[in-house]
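*Asks:* The structure follows.
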Amino acid sequence: MQPVLEVTDLAKSFSGVPALRDGRFRLQAGSVHALCGGNGAGKSTFLTIVMGIQQRDGGVIRRNGREVSFSSPAEALANGIAMVEQELSPVPAMTVAENIYMGREPLRSFGRIDFATLNRQTQDLLDGFGFAIRATSLMMDLTVAQTQLVEIAKALSYDAEVIILDEPTSALGEAEAEYLFAAIAMLKQRGKGVIYVSHRLSEIFAIADSYTVFRDGRFVQDGAIADINKDQLIQLIVGRPLTEEFIKDNTPSPEPALKVTDLTAARGVRGISFTAHKGEILGIYGLMGSGRTEVFDRLFGLSDAKGGSIELAGKPVTIGTPVDAIAAGIAYVTEDRKGSGLVLSASVRDNLCLATLDRLSPTGVMQAANEGASAARMIEELRIKTASDALGVASLSGGNQQKVVLGKWFLTEPRILLLDEPTRGVDVGAKREIYRVMSEFAKAGGTVLMVSSETDEILGMADRVIVLKDGKMAGELRRGELSAERLLHLAA
Amino acid sequence: MERNEQTTAGPRLTAGAIAQKYGILIALALACVTLTFISENFLTTRNILNVLRQTSINGVLAIGMTFVILTRGIDLSVGSLVALTGVVASSFATTATTGFIPGAPWPALLAIAIGLVVGMACGGVSGTIVARFRVPAFVATLGMLSAARGLTLLYSGGRPIPALSEGFRWIGTGSLFGVPVPIFVLLGTFAVAHFVLTQTRFGRHVYAVGGNPHAAKVSGLPVNGIRFAVYVISGGLAGLAGIILAARTGSALPQAGIAYELDAIAAVVIGGTSLAGGIGRVSGTLIGALLIGVMNNGLDLLGVESYYQQVIKGVLIVAAVMMDRSKNKQD
Amino acid sequence: MERNEQTTAGPRLTAGAIAQKYGILIALALACVTLTFISENFLTTRNILNVLRQTSINGVLAIGMTFVILTRGIDLSVGSLVALTGVVASSFATTATTGFIPGAPWPALLAIAIGLVVGMACGGVSGTIVARFRVPAFVATLGMLSAARGLTLLYSGGRPIPALSEGFRWIGTGSLFGVPVPIFVLLGTFAVAHFVLTQTRFGRHVYAVGGNPHAAKVSGLPVNGIRFAVYVISGGLAGLAGIILAARTGSALPQAGIAYELDAIAAVVIGGTSLAGGIGRVSGTLIGALLIGVMNNGLDLLGVESYYQQVIKGVLIVAAVMMDRSKNKQD
Amino acid sequence: DDKPKIGAAVYGLNAEFMQIWAQALQNHPAVKQGLVDVTVFDGKYDALTQQDQFETMITQGFDAIIFVPIDIEAGAAAVDAAAAANIPVFGSNTRVNSDKLAAYVGSDDVQSGYMEAKYVLDKIGCKGNVVIIEGPVGQSAQIQRLEGNKKALAECPDVKVLEDQTANWSRAEAQTLMENWLTAHPGEINGIIGQNDEMALGAIEAVKAAGLDPKSFAIAGIDGVTDALHAVKDGNMASILQDGAAQAQGALDLAIAAVLPDYKPMSEIWTAYPDMPWADGKAKEYSVPWTPVTADNVDALLAARQ
Ligand SMILES: Nc1ncnc2c1ncn2[C@@H]1O[C@H](COP(=O)(O)OP(=O)(O)OP(=O)(O)O)[C@@H](O)[C@H]1O
Ligand SMILES: Nc1ncnc2c1ncn2[C@@H]1O[C@H](COP(=O)(O)OP(=O)(O)OP(=O)(O)O)[C@@H](O)[C@H]1O
Ligand SMILES: [Mg+2]
Ligand SMILES: [Mg+2]
């Protein structure tokens, strides 16, 4: 059978550095084809070229056997290809409906947009997928997860034959991901071809029919999912066997590090009380919108203090701004790395050093050697894939960008680490590194608070889990009591 | 960051919603009420018409500027284009034979059309440089500011073009039902712009390109075409303003319009449109332009000395916007 | 979108790297070479010193503007501040008793200090309005543009402050080792600014705040303080420029500095600094200012008529930037 | 209060000349004695702003208007509008191209242009090279002063005009321009004709900066601003005083006379300039004579400025 999309020898370099050398891919109609590879393997580069967002240096793309060359996404769309990009890219001040049907708005007389139909159509679309989002909401009012759902709905709404999903679930919880999988199953049934990228390998085994692996910009292998198991796939991706997925050898001490009493925060978060101990990894679980991020924002002085008290190592503290929080030894890896994590216009080094500038320049004059050493340490420890620390952070792959954010905060040598979806978009190999660092951090007496939508991650890493529901505490589980069912039961 | 900005409403605009969203409207109302109390001449039909007529030129420019700013651009050339279009259009509208046309006076409509076309053509050049050659709008239109002024002086020999025909002058000085024509032009421009921006695809795409050019491109919008178009619109409206100006003052001065771009941009920004693009409304722009107009008029009515006027104007502009922004202070 | 922007380099700048990064440097070189060939007077020590001296005022303003623009701001008030600081400083530097000080001439240094302080104070007001009250920089500094001009006229009564003391005038007209003092001032300002932006913590803060204010805040940077500080710097440098201007022209004119902000911003943008903040270098700004200076000088040397000068200037500015941008055209 | 209200719309108050003009208005005896109310409107160098201010004055029922337009061709419409509202308009300093003007008090720019050029040419002995620094091209003052310049130059056919460029009445611009000309024509320039004092002063600074002595050039300007008076005193230039005070007070006397029937002119100017008779306030044109500033009268003029 002729593939709906066939790509051979695709190549692309950025200022002389090759990102992709021989991208190869065959997508059959009615199948879900996983594109796998570590961070910086060239997946997004490959897909954005297919979509006409970037231009290739060489290679051939065939659509239904016919050679094509898209100079813009508009042409790709016209050729029945739609895509959810890895980096969310909404138009913040416009409504969900306008974002989804941008360029395809239904019209009335005199060229007017038929807003009533547009909104209804959008609401039907969202409801159909089971996404609880209002068509008339503004994108800027949505959470990251909701934004991602909207982008998914948008790509699916094109009724394209080839649908590219570049890490569509990176910001989603498992519950929402299920909706997506249902939608993908439907697409498959209708004979569409889906290209699926995810670093959550369990998802790949759940929904994909076939796989293609890239490593360091090169095609490595493809085949049917049925013919491969998880360890083999990991080995293909990482290039070496990986013994265990989670590394955890910390033991919580009874000494309290952070005590929160009756915390109230914005958007209906109230009555949150818990204690985290030295050497502990405390998981915080909840469904989308349950208020996990708000709790962290409040602890870090990013949202107004409305009530409640915070004690650090037994002493009450007031945290009104991030400056207070950092001074108190708290670090916060936010979930929105583009919005609040990185300065995209700056270099890797500048981003890594951003939160420790005071320490790196006691006199106010920067010590280039100090900066360089700090950056080098994190690049090595977290295995950040970058040609040089002077490179713009925007040119890193998504997963490597995430590592830069983590590195920035590790450099502050915090006592308490707030991690909001810390492994979002991170590949299996690097995830393991992050787990190792977390574990070592806790082992050395630090305290980790971790929000994650990946149940596996919570199960694998947390010593204890607090479950939030609608902004309130729904329960607490010790490591011994943990199971996916119980978490979900408490959260839902 | 973006969160605390105002949002673009859909087409639904109730009086209440406007008031709530536009602190600046309250500033305008406040200014008007204050002036009504301290100057008996302020709230007279005649003066209100004056204010509106005086606002017409800046208002028309600011409406065009709104389109450009919504796409994250800026058009510094409008002041020079006012002069250029005024001079060119006027040269086809003199009562006598001019050096340019060896014949009878041209009909006013032709002159107007020529003015608009010249403005649009210059806007098109800026637009091409911005959209096609990726030159920052500031530089591209600064170049046009300089070049258009030079062309104006070359075309006119540096001399005013006097003695415009009655038909042409009607645009600036005529009345319909007792209301000066420039006011109709302003309100007409506003109505069309408001319709285009809130109701049409092109308008919504202007917002999209400004809000997130990448998203717009990936959604298949003709981003470059839209960028180009907004400069053509701004240029065309600068042409319209240039024609009104020449018609009002009765002769086209090559040194007209200097620094008009600042007032136009000010009206847009005071009206709540973000220079970062994607957020704003042409109704806010109109209110911003009116606020500036009322302020100028009021300070003159009160006979405030010119040096103090400048200080007071500076303070008032900032205060008005401060009032507006204080509502939604969060970060 | 963001990917194809340049990145802020660290402190390492080799000649090759500069040339590669600054197409604009090539434009400047090209302009100089061309002028050397067509005007025998261009490449003379005297003329080069002239160009540098003529660039000093715009250069100093543009350096201050670079700080502001790097934080996503803009400072429209610098032209007015040039006049205000010039007039105030000069009033303390007259050879005779002036209306303001009933006593002997004040030492030049005091006058200079006063000028700088006035500039910084005005910058501080703009900075407070921007940082603390979240008024868009365009509006805040437009208000300052108007207010400072009014204050200048009030302070001076609209008349020049003449007969400045020799000590004060030395800043504008003196020489050291055969090189005019304003050139030292310009290069000194550049060196300090370059050092601050590339080598100090504060410089890093400026880039971070401009690149992503929210991320800067989350990383514990004093975002508002930095925003405030850049306007103080810009105001202070406007003060310096005002002092040079008054010292050069021999008396402080209240109408000085009109529209200087446009040339200063142009130098910054031509030099490759992004109006969107976070990206740029003060060395680019210096090159941008020199390019403008060389252009003005060259056109005068060649005796090009002033109307054509304006057209040519507009075209050249755009062409220079186009050349620069075409290198990294991708999107 | 039923005092007559008189408005003065001037093109702009930022420069010294108009400042002197406006001050003279406020110092007019009739204003000092409270006979009339005078309001000065700053046109900010913009024809449209002046037009707007006319509308405001008409709305407010001013009794007479004194008008200093930005250009001879600008403002005819404004005068028409005032005339339609039966408000008499008196021109001062710059003429308006309108037959509705009640009267005009000003000085003949062609004459001053001739006088200053003549001074320069006499000083260089009717031979050598000169440069002309012009006002904003196309403005009536520039056109007329240039006409005067040319008239004088025609009398010296051996003199060559090396450069001829605008510096927009600005000292800083003229300084830059002159620096560049001195480079382009090293040692060739003998005379500098500045169409106003500011630009002549800028040229002097450029000459000094080039290490040359202004006294070895023939430099002239027009207007008699304070700095120029000092420069004349130093022997660096010549200037022709345009008596803005007389233009202002003369126009005001005419305006008051038009409103108050029995009014007798109160300004001293009518005695100071016997060549300009009051003529019962009925004349259409009053020409304020130019006064060349010389070493003899400069001290007196400076003293009057204090
Ligand atoms: N605009 C760019 N400029 C320079 N380098 C780039 C650019 N875009 C991508 N790269 C580089 O190309 C390589 C491939 O990046 P790509 O984004 O395709 O990786 P990926 O496989 O999608 O990784 P991830 O799983 O982390 O998203 C990376 O090394 C990245 O740094
Ligand atoms: N900017 C916003 N504007 C309006 N509502 C918001 C905003 N951000 C979050 N919310 C709402 O506040 C509630 C708590 O959100 P929060 O982001 O804390 O949840 P979360 O548990 O972290 O979920 P997520 O998985 O989406 O990050 C949710 O109902 C969410 O929809
Ligand atoms: Mg990717
Ligand atoms: Mg969250």
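The values are calculated or read from the model by the stated rules, or taken from the named source; none is laboratory data. Keep in mind that this is a model prediction, so the values were computed, not measured. All Cβ positions, glycine included, derive from the backbone under ideal geometry; neighbour counts span all protein chains shown. These area figures cover heavy atoms from the full protein model, side chains too; ligands, DNA and RNA do not enter into them. Shrake-Rupley method; radii C 1.70, N 1.55, O 1.52, S 1.80 Å.
The rows are residues; the columns are (1) free of Cβ contacts under 8 Å to residues at least 40 places away in the same chain; (2) within 9 Å of another protein chain (Cβ to nearest Cβ); (3) in contact with a Phe, Trp or Tyr (Cβ under 7 Å, 6 or more places away or on another chain).
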position: B:Ala238; (1), (2), (3): no, no, no
position: B:Ile243; (1), (2), (3): no, no, no
position: B:Ala259; (1), (2), (3): no, yes, no
position: B:Gly271; (1), (2), (3): no, no, no
position: B:Leu275; (1), (2), (3): no, yes, yes
position: B:Leu286; (1), (2), (3): no, no, yes
position: B:Met295; (1), (2), (3): no, no, no
position: B:Leu299; (1), (2), (3): yes, no, no
position: B:Ala320; (1), (2), (3): no, yes, no
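*Asks:* Tell me which residues, restricted to the range A:351-402, are in contact (Cβ under 8 Å) with a residue 60 or more places away in the chain and either within 16 Å of ligand 2 (Cβ to nearest atom) or open to solvent by less than 10 Å² (accessible area, probe 1.4 Å) (or both).
*Replies:* A:Leu396, A:Gly398, A:Gly399, A:Asn400, A:Gln401, A:Gln402
Per-residue answers, yes or no, for (1) touching a residue at least 40 places away in the same chain (Cβ under 8 Å); (2) more than 16 Å from ligand 3 (Cβ to nearest atom):
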| site | (1), (2) |
| --- | --- |
| A:Glu75 | no, yes |
| A:Ser89 | yes, no |
| A:Ala93 | yes, yes |
| A:Thr117 | no, yes |
| A:Phe131 | yes, yes |
| A:Ser157 | yes, yes |
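*Asks:* Right, next: Residues of the range A:21-60 being aliphatic (A, V, I, L, M), touching a residue at least 60 places away in the same chain (Cβ under 8 Å) and either within 13 Å of ligand 1 (Cβ to nearest atom) or not assigned by TED's automatic domain parsing to the domain that holds A:Met186 (or both), which ones?
*Replies:* Selection gives A:Ala34, A:Leu35, A:Ala41, A:Leu47, A:Val50, A:Met51.
*Asks:* So, one more: Cβ-Cβ distance below 6 Å, separation of 6 or more or different chains: which pairs start in the range B:37-55 with a residue that is within 13 Å of D:Ile58 (Cα to Cα) and end on one that is assigned to a helix (DSSP H, G or I) and among the acidic types (Asp, Glu)?
*Replies:* Short answer, once both residue conditions are applied: B:Asn50/D:Glu55.
*Asks:* If I go through the range D:40-83 residue by residue, how many of them are β-branched (Val, Ile, Thr) and open to solvent by 30 Å² or more (accessible area, probe 1.4 Å)?
*Replies:* Adding up the residues that qualify gives 2.
*Asks:* Further question on the same structure: How many of the residues making up the range A:410-422 are away from ligand 4 (no atom under 14 Å from the Cβ) and over 17 Å from A:Glu380 (Cα atoms)?
*Replies:* Qualifying residue count, the range A:410-422: 4.
*Asks:* Within the range D:1-39, track down each residue that is open to solvent by less than 40 Å² (accessible area, probe 1.4 Å), without any contact (Cβ under 8 Å) to a residue 40 or more places away in the chain and closer than 24 Å to D:Lys264 by Cα.
*Replies:* D:Gly34, D:Thr39
*Asks:* Which fully enclosed strands (runs of 3 or more DSSP E) of the range D:25-135 have 2 or more residues being among the basic types (Lys, Arg) and touching an Asp or Glu at 6+ places or on another chain (Cβ under 6 Å)?
*Replies:* Those strands (runs of 3 or more DSSP E) do not exist here; none qualify.
*Asks:* Right, here's the next one. Condition first: open to solvent by less than 20 Å² (accessible area, probe 1.4 Å) and within 14 Å of chain A (Cβ to nearest Cβ). Now tell me which residues in the range C:159-197 satisfy that.
*Replies:* C:Leu197
*Asks:* Filtering the range A:31-55 down to residues that are within 14 Å of another protein chain (Cβ to nearest Cβ) and open to solvent by less than 10 Å² (accessible area, probe 1.4 Å), which residue is farthest from ligand 3 (Cβ to nearest atom)?
*Replies:* Only one residue tops the list, namely A:Gly52.
*Asks:* If you go through the range B:216-229 one residue at a time, do you hit one that is of a type outside the set (Ser, Thr, Tyr), open to solvent by 30 Å² or more (accessible area, probe 1.4 Å) and more than 21 Å from B:Cys122 (Cβ to Cβ)?
*Replies:* So far as the range B:216-229 goes, yes, one or more of its residues are of a type outside the set (Ser, Thr, Tyr), open to solvent by 30 Å² or more (accessible area, probe 1.4 Å) and more than 21 Å from B:Cys122 (Cβ to Cβ).
*Asks:* A follow-up question, please. Being open to solvent by 60 Å² or more (accessible area, probe 1.4 Å) and either of a type in the set (D, E, K, R) or farther than 22 Å from B:Ala215 by Cβ (or both) is the filter here; which residues of the range A:102-122 pass it?
*Replies:* A:Arg104, A:Arg108, A:Ser109, A:Phe110, A:Ala116, A:Arg120
*Asks:* Here's a follow-up. I'd like to know if the range B:249-256 contains one or more residues that are at pLDDT 90 or above and open to solvent by 10 Å² or more (accessible area, probe 1.4 Å).
*Replies:* no
*Asks:* I've got another one for you. In the range A:377-405, which residue that is within 13 Å of chain C (Cβ to nearest Cβ) and closer than 26 Å to A:Thr447 by Cα is farthest from ligand 1 (Cβ to nearest atom)?
*Replies:* A:Val405
*Asks:* Take the residues in the range B:127-149 that are open to solvent by less than 10 Å² (accessible area, probe 1.4 Å) and more than 9 Å from chain C (Cβ to nearest Cβ), then tell me which one is farthest from the chain's Cα centre (by Cα).
*Replies:* Looking at residues that are open to solvent by less than 10 Å² (accessible area, probe 1.4 Å) and more than 9 Å from chain C (Cβ to nearest Cβ), I get B:Ala131.
*Asks:* So, of the residues in the range A:362-376 that are within 9 Å of another protein chain (Cβ to nearest Cβ) and of a type in the set (A, V, I, L, M), which turns out to be nearest to A:Asp141 (Cα to Cα)?
*Replies:* The extreme case among them is A:Met366.
*Asks:* Go through the range A:123-142 residue by residue and tally those that are farther than 19 Å from A:Glu105 by Cα, facing another protein chain (nearest Cβ under 10 Å) and crowded, with 16+ Cβ neighbours inside 10 Å.
*Replies:* Of the residues in the range A:123-142, 1 are farther than 19 Å from A:Glu105 by Cα, facing another protein chain (nearest Cβ under 10 Å) and crowded, with 16+ Cβ neighbours inside 10 Å.
*Asks:* Next up: Looking at the range A:419-428, can you tell me whether even one residue there is within 16 Å of ligand 1 (Cβ to nearest atom), open to solvent by less than 10 Å² (accessible area, probe 1.4 Å), within 17 Å of the chain's Cα centre (by Cα) and within 11 Å of another protein chain (Cβ to nearest Cβ)?
*Replies:* No: the range A:419-428 contains no residue that is within 16 Å of ligand 1 (Cβ to nearest atom), open to solvent by less than 10 Å² (accessible area, probe 1.4 Å), within 17 Å of the chain's Cα centre (by Cα) and within 11 Å of another protein chain (Cβ to nearest Cβ).
*Asks:* Of the residues in the range B:198-215, how many are free of Cβ contacts under 8 Å to residues at least 12 places away in the same chain and either more than 7 Å from chain A (Cβ to nearest Cβ) or in contact with a strand residue (DSSP E or B) (Cβ under 8 Å, 6 or more places away or on another chain) (or both)?
*Replies:* Count: 4.
*Asks:* I've got another one for you. Is at least one residue of the range A:469-478 without any contact (Cβ under 8 Å) to a residue 40 or more places away in the chain, in contact with a Phe, Trp or Tyr (Cβ under 9 Å, 6 or more places away or on another chain) and surrounded by 15 or more Cβ atoms within 10 Å (Cβ to Cβ)?
*Replies:* Yes, there is a match, as at least one residue in the range A:469-478 is without any contact (Cβ under 8 Å) to a residue 40 or more places away in the chain, in contact with a Phe, Trp or Tyr (Cβ under 9 Å, 6 or more places away or on another chain) and surrounded by 15 or more Cβ atoms within 10 Å (Cβ to Cβ).
*Asks:* What helices (runs of 4 or more DSSP H) lie completely within the range A:62-141 and have 1 or more residues being over 25 Å from the mean Cα position of the chain (by Cα)?
*Replies:* The qualifying helices (runs of 4 or more DSSP H) are A:73-78, A:115-129.
*Asks:* Any residue in the range A:288-297 that is touching an Asp or Glu at 6+ places or on another chain (Cβ under 8 Å), within 16 Å of ligand 1 (Cβ to nearest atom) and touching a residue at least 60 places away in the same chain (Cβ under 8 Å)?
*Replies:* Scanning the range A:288-297 turns up no residue that is touching an Asp or Glu at 6+ places or on another chain (Cβ under 8 Å), within 16 Å of ligand 1 (Cβ to nearest atom) and touching a residue at least 60 places away in the same chain (Cβ under 8 Å).
*Asks:* Within the range A:418-430, does at least one residue satisfy the condition of being aliphatic (A, V, I, L, M) and modelled with pLDDT of 90 or more?
*Replies:* yes
*Asks:* I need a count of the residues in the range A:1-30 that are in contact with an Asp or Glu (Cβ under 8 Å, 6 or more places away or on another chain) and buried (at least 21 other Cβ atoms within 10 Å of the Cβ).
*Replies:* The total comes to 6.
*Asks:* Okay, moving on. Quick check, is C:Arg3 open to solvent by 30 Å² or more (accessible area, probe 1.4 Å), at pLDDT 90 or above and charged (D, E, K, R)?
*Replies:* For C:Arg3, the condition - open to solvent by 30 Å² or more (accessible area, probe 1.4 Å), at pLDDT 90 or above and charged (D, E, K, R) - is not met.
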